[in-house]
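Undergrad: First, the structure itself, so that you have it in front of you.
The values are calculated or read from the model by the stated rules, or taken from the named source; none is laboratory data. Given the structure is predicted, the values throughout are model-derived calculations rather than measurements. Using ideal geometry, Cβ is built from the backbone for each residue, glycine included, and neighbour counts are taken over all protein chains shown. Keep in mind that these areas ignore ligands, DNA and RNA; they rest on the heavy atoms of the full protein, side chains included. Shrake-Rupley method; radii C 1.70, N 1.55, O 1.52, S 1.80 Å.
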Amino acid sequence: TTPQINSCRQITSGGDYSLTSDLTSTGSCIRIHDTSNVNLDCQNHSITASGSLLSVSNVDNFFFFFCTIKTTNPNGIVTSGQINISYSDFGVLQNNTVVGDFIYIDSSNHLQIENNNSSAYYMQYGSSFNQILNNTFKVNPNIARRCVLCSNYGTNNVIQNNRLDGQWDGVDYQYEDMDN
């Protein structure tokens, strides 16, 4: 039987999970860690929270598909949508929609990021053998000051057939401190 998810929670056991309704949280929502073989089918439902929406840490062999991920501030305005994947290998993010600030991949290898639509910028750090294919990144220039799709300190990554739109308005912005 496929475990059904109808509230925000931690997942620490492998298995096939399905989202049965839209989820909303005032903090973080789905946190998957210290396990392997996790498949999450959101069945076109959304995850909306004011913290980290989908966090994956120390997980091998995972698959997330048909999710809409967005974060809101206390006034209900969409401000950031985030997926954080760290120290996790052999994962797939496919056919998802991410609304907001960023998708962050850290020290994770052999990932396949494919056929996603995102208004969030993509940043991967210290990650190798990843495939970023056939995605659309349409990013607010006030959010993605550095890049739309960035890959730092990795090797053998394939970035192919993506549509990148930084939505530049023609104004040359001068940023004093790029780290803030």
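Undergrad: Excluding residue 5 itself, what net charge comes from residues whose Cβ is under 14 Å from its Cβ, given Lys and Arg +1 and Asp and Glu -1? Before the final figure, lay out each step's value.
TA: Values: positive: 9, 31; negative: 16, 22, 41.
Taking every Cβ under 14 Å from that of residue 5, the sum is -1.
Undergrad: Over region 1-134, with every protein chain in place, what whole percent of the accessible area is carbon and sulfur at 1.4 Å, could you tell me?
TA: Values: 2460 of 5630 Å².
Carbon with sulfur: 44 percent of the solvent-accessible area.
Undergrad: Provide the net charge surrounding residue 157, with neighbours chosen by a C-beta distance below 15 Å and charges set as Lys +1, Arg +1, Asp -1, Glu -1. Don't jump to the answer; show the numbers that get you there.
TA: Numbers: positive: none; negative: 89, 106, 114.
So the environment of residue 157 carries a net charge of -3.
Undergrad: Give me the net charge of residue 131's neighbourhood, meaning all other residues with Cβ under 15 Å from the Cβ of residue 131; Lys, Arg count +1, Asp, Glu -1.
TA: On the way: positive: none; negative: 89, 114.
Neighbourhood net charge equals -2.
Undergrad: When ranked by the protection proxy of mean other Cβ atoms within 10 Å per residue, highest first, what sequence do the peptides 93-103, 150-160 form? Don't jump to the answer; show the numbers that get you there.
TA: Values: 93-103: 21.5, 150-160: 12.9.
Order by mean packing, descending: 93-103, 150-160.
Undergrad: Between residue 63 and residue 95, what is the label-point separation in nm under the 7 Å Cα-to-beta-carbon projection?
TA: 1.1
Undergrad: Moving on to the next point. Would you mind calculating the relative contact order of the chain from Cα pairs under 8 angstrom and at least 6 residues apart, reporting the percent as a whole number? Walk me through the intermediate numbers first.
TA: Working: 553 pairs, mean separation 22.6, N = 180.
13 percent.
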